[in-house]
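See below for the structure under consideration.
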Amino acid sequence: MFEKIIKNVKEQNPLVHCITNSVTMNDCANALLAVHGSPIMADEQQEVEDITSICQALVINIGTLNERTVEAMIKAGKKANELGHPVVLDPVGAGASQFRTETTFRLLKEVKLSVIRGNISEMKTVYSGTGTTKGVDADINDIVSDDNLMQTISFAKELSQKTEAIIVITGPIDIITDSKNTYIIKNGCPEMSQITGTGCMLSAILGAYIAVNQDNLLDAVSCAVAIMGYSGELAKQKIVKENSGTGSLRVYLIDALSMMNSQLLNGGIQIEKR
Amino acid sequence: MFEKIIKNVKEQNPLVHCITNSVTMNDCANALLAVHGSPIMADEQQEVEDITSICQALVINIGTLNERTVEAMIKAGKKANELGHPVVLDPVGAGASQFRTETTFRLLKEVKLSVIRGNISEMKTVYSGTGTTKGVDADINDIVSDDNLMQTISFAKELSQKTEAIIVITGPIDIITDSKNTYIIKNGCPEMSQITGTGCMLSAILGAYIAVNQDNLLDAVSCAVAIMGYSGELAKQKIVKENSGTGSLRVYLIDALSMMNSQLLNGGIQIEKR
Amino acid sequence: MFEKIIKNVKEQNPLVHCITNSVTMNDCANALLAVHGSPIMADEQQEVEDITSICQALVINIGTLNERTVEAMIKAGKKANELGHPVVLDPVGAGASQFRTETTFRLLKEVKLSVIRGNISEMKTVYSGTGTTKGVDADINDIVSDDNLMQTISFAKELSQKTEAIIVITGPIDIITDSKNTYIIKNGCPEMSQITGTGCMLSAILGAYIAVNQDNLLDAVSCAVAIMGYSGELAKQKIVKENSGTGSLRVYLIDALSMMNSQLLNGGIQIEKR
């Protein structure tokens with residue numbers, strides 16, 4: 001599965017404008033290059049409209065946000081909307097500070113988003129910004145497991161409906177939904193959270209995948225999620241074999257991303273459609 | 001030795017707020033994750049108080065400082081003080097520009113620091129900001145060696161007394177003192193200075209170690225210093241064996257940090273209490 | 001060839017002030033350290049004059065520029081000129097936004113540059129800022145090949161004359177000229193463009209090479225270009241042998257830079273003087 005989706009990225013090398021955090025900016029650029037996308041990082045208000053205009057997708061990641069870059073995010077988001085470019089939001093740390101939460105709400109309100117990707121805790125904050133009065137179901141725990149999977153899927157679907165965006169909740173089990181159809185992906189490994197940036201890299205890659213697969217967004221998003229998860233597993237296999245640590249894991253993750261193809265992916269993907 | 005100190009970090013995974021430079025931010029995050037701490041990088045005035053409130057320690061590194069981030073450092077430092085969180089200062093490049101020197105002095109004055117870590121040259125600048133009129137002893141050379149060790153220890157003790165902080169002077173020989181007790185550590189290797197960020201990573205890790213070992217700060221700090229030094233040695237052994245270079249050294253340093261445990265450390269630690 | 005040039009860098013460890021982009025800042029620092037230079041990154045207006053004063057060269061890279069850092073670039077550039085320090089400009093993305101193009105023009109006008117390095121597309125934008133009314137020859141394609149080599153050399157020479165800087169156009173074939181003499185270098189491999197920062201790292205290294213070889217600038221620049229290209233080839237050989245990907249390529253590139261010497265370089269350099 002996903003042959004065509006991967007092929008489109010490899011052949012069209014989409015240019016992705018990233019307004020992303022300074023911790024993982026280099027990782028995001030290398031991850032995008034590894035999957036045959038092409039990154040441009042630019043966060044100055046004066047140039048974001050020009051930059052986003054020459055790109056095919058925009059990725060907004062709010063980690064290490066500041067007053068200057070928040071305005072750039074809004075400006076770039078509006079321009080991308082105007083041009084019909086898909087926009088990915090990664091609400092890093094939404095809920096951890098009022099500034100991040102309010103910035104998330106502002107982005108939800110002022111920019112039409114195609115995909116929102118975060119962990120369950122960030123996504124609950126996103127939910128609280130959709131104007132709902134219901135409050136998040138207490139059954140939605142902060143770790144998605146088989147026990148609370150059904151509730152979390154319902155939550156994701158509702159959030160997708162409210163935001164009109166594809167929702168990606170990542171964790172031990174990844175949930176991807178456009179409110180009608182849902183994919184469950186069980187790739188990845190706990191070691192991925194011992195290096196910084198795996199979530200940010202996924203969000204960056206999502207930009208490339210949706211840029212050139214606009215007729216099939218849910219599959220494109222799910223494919224990118226599976227690629228990141230399975231690349232993490234391959235990287236882990238290598239460090240276990242070599243008895244090395246998390247420095248090597250980070251290197252091998254990018255290695256795996258750069259060597260991924262649909263045949264390899266189909267040998268390891270753990271996906272289920274609901 | 002240090003079993004309990006290492007165990008506390010591995011079991012409690014302390015959340016560390018880092019306001020750090022943009023050159024080594026990613027290295028600091030990965031180093032913290034490698035030792036089982038958990039990093040949050042945030043340097044916007046509007047959110048630093050919120051962020052530091054949910055953390056257990058604050059690390060302030062003045063490399064690539066700017067007007068905006070200096071105010072964030074002060075604000076976060078005061079909030080951490082208010083909450084009783086330990087604060088680490090890494091005065092990167094103090095003395096290299098008036099702005100860095102003045103920022104160092106301002107932090108010394110406005111924030112209560114638990115640990116200050118730097119090379120001897122940076123620490124002499126710190127000393128000049130303590131209001132002393134004596135001037136730094138001319139015998140304090142810019143490289144700590146066996147010849148000037150006694151003078152440098154005296155200097156460190158005096159600086160510790162003046163600042164009421166644990167002083168860590170790193171170099172070929174590392175000195176850690178709380179003015180009463182002093183550890184001398186001879187781990188590490190010259191190759192560590194051929195990659196950027198080893199000092200910054202150590203300062204970041206110090207945040208995690210003191211966060212969960214507040215009843216035993218001097219040992220916690222010394223343990224972290226020894227871990228960084230010995231990890232560097234292990235990384236060097238690997239590149240010598242493989243005949244590889246400094247790119248690999250950086251990867252293997254993080255590997256070693258992530259695989260360190262008290263048994264391994266005790267096999268290589270070169271420490272002396274005075 | 002180039003023995004003396006490499007020796008000067010290795011023995012004098014020039015301190016290089018970099019105002020560079022946040023994506024590849026860490027790579028630039030590690031690349032500089034790998035060739036035995038010494039990096040200082042600082043982009044705050046308040047300190048750039050102090051910092052550049054203690055360095056031997058200044059490298060200005062406009063990727064991820066913002067209003068604050070542009071002023072710092074100008075200020076540092078003028079100070080470096082005043083002190084007679086060589087200045088390298090890397091006009092990353094010139095032409096991609098009006099802000100980058102105007103900043104490039106402003107730097108050309110207000111700062112005396114020793115070296116300008118970019119890809120052909122960036123260099124055409126630089127050319128348009130030299131006040132020429134002729135327009136860039138349509139024969140100058142965006143990829144330098146054997147077919148359009150002669151035209152591109154003429155273009156580079158003219159640009160060198162207009163800017164009074166050494167011009168470095170990098171691509172499958174690298175052209176280095178001071179308007180009178182020209183080197184053509186065919187080292188490097190396409191895989192280098194699958195990792196971020198190879199151009200930025202080269203520009204950073206150029207700073208170290210020209211800092212200590214001011215009596216022989218064209219050779220110093222050409223030597224650095226050859227070292228980066230051949231290091232890329234060595235890194236590629238290693239990933240092909242190991243069947244690894246672009247994460248490893250990035251590590252091995254820094255490895256190769258750190259292990260390079262004139263004997264090794266002379267075994268692989270593909271250079272031609274015209």
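The values are calculated or read from the model by the stated rules, or taken from the named source; none is laboratory data. Because the structure is a prediction, the values reported are computed rather than measured. Cβ atoms come from the backbone with ideal geometry, glycine included; neighbour counts cover every protein chain shown.
Worth pointing out:
- Taken together, A:Thr103, A:Thr170 contain a single residue that is among the polar types (S, T, N, Q), closer than 22 Å to A:Val16 by Cβ, at pLDDT 95 or above and in contact with a Lys or Arg (Cβ under 8 Å, 6 or more places away or on another chain), which is A:Thr170.
- If you filter segment C:69-113 down to residues that are out of contact with any strand residue (DSSP E or B) (no Cβ under 8 Å at 6 or more places or on another chain) and small (Gly, Ala, Ser), you find that the one that is surrounded by the most Cβ atoms within 10 Å (Cβ to Cβ) is C:Ser97.
- Of all residues in segment A:199-215, those satisfying the criterion of being under 17 Å from A:Val59 (Cβ atoms) and surrounded by fewer than 24 Cβ atoms within 10 Å (Cβ to Cβ) are A:Gly199, A:Val212, A:Gln214.
- Neighbours by Cβ (under 7 Å, 6+ apart or cross-chain): first from segment B:55-66, within 16 Å of A:Ser22 (Cα to Cα); second outside any loop (DSSP other than H, G, I, E, B) and basic (Lys, Arg): B:Ile62/B:Arg100; B:Leu65/B:Arg100; B:Asn66/C:Arg68
- All helices (runs of 4 or more DSSP H) inside segment B:149-257 with 2 or more residues being free of Cβ contacts under 8 Å to residues at least 24 places away in the same chain and over 21 Å from B:Asn8 (Cβ atoms): B:149-163, B:217-242
- Hey, B:Thr170 within 20 Å of B:Val59 (Cβ to Cβ) and hydroxyl-bearing (Ser, Thr, Tyr) or not: yes
- Search result, residues across segment C:15-31 that are facing chain B (nearest Cβ under 7 Å) and closer than 21 Å to A:Glu44 by Cβ: C:Ser22, C:Met25, C:Asn26
- Flag for A:Leu218 being over 14 Å from A:Ile269 (Cα atoms), away from every other protein chain (no Cβ under 13 Å) and surrounded by fewer than 24 Cβ atoms within 10 Å (Cβ to Cβ): yes
- Of residues in segment C:32-63 being among the polar types (S, T, N, Q) and either buried (at least 23 other Cβ atoms within 10 Å of the Cβ) or in contact with an Asp or Glu (Cβ under 6 Å, 6 or more places away or on another chain) (or both), the one farthest from the other protein chains (Cβ to nearest Cβ): C:Gln56
- Scanning segment C:64-74 for residues that are over 15 Å from C:Ser97 (Cβ atoms) and more than 10 Å from chain B (Cβ to nearest Cβ) turns up C:Glu71, C:Met73, C:Ile74.
- Any hit, segment B:27-38, residues being at positive phi and of a type in the set (S, T, N, Q): no
- From B:Asp146, B:Asp178, B:Asp174, residue being more than 18 Å from the chain's Cα centre (by Cα) and either surrounded by 24 or more Cβ atoms within 10 Å (Cβ to Cβ) or away from chain C (no Cβ under 14 Å) (or both): B:Asp146
- Restricted to segment B:23-125, the set of helices (runs of 4 or more DSSP H) holding at least 2 residues that are charged (D, E, K, R) comprises B:45-53, B:67-83, B:98-110.
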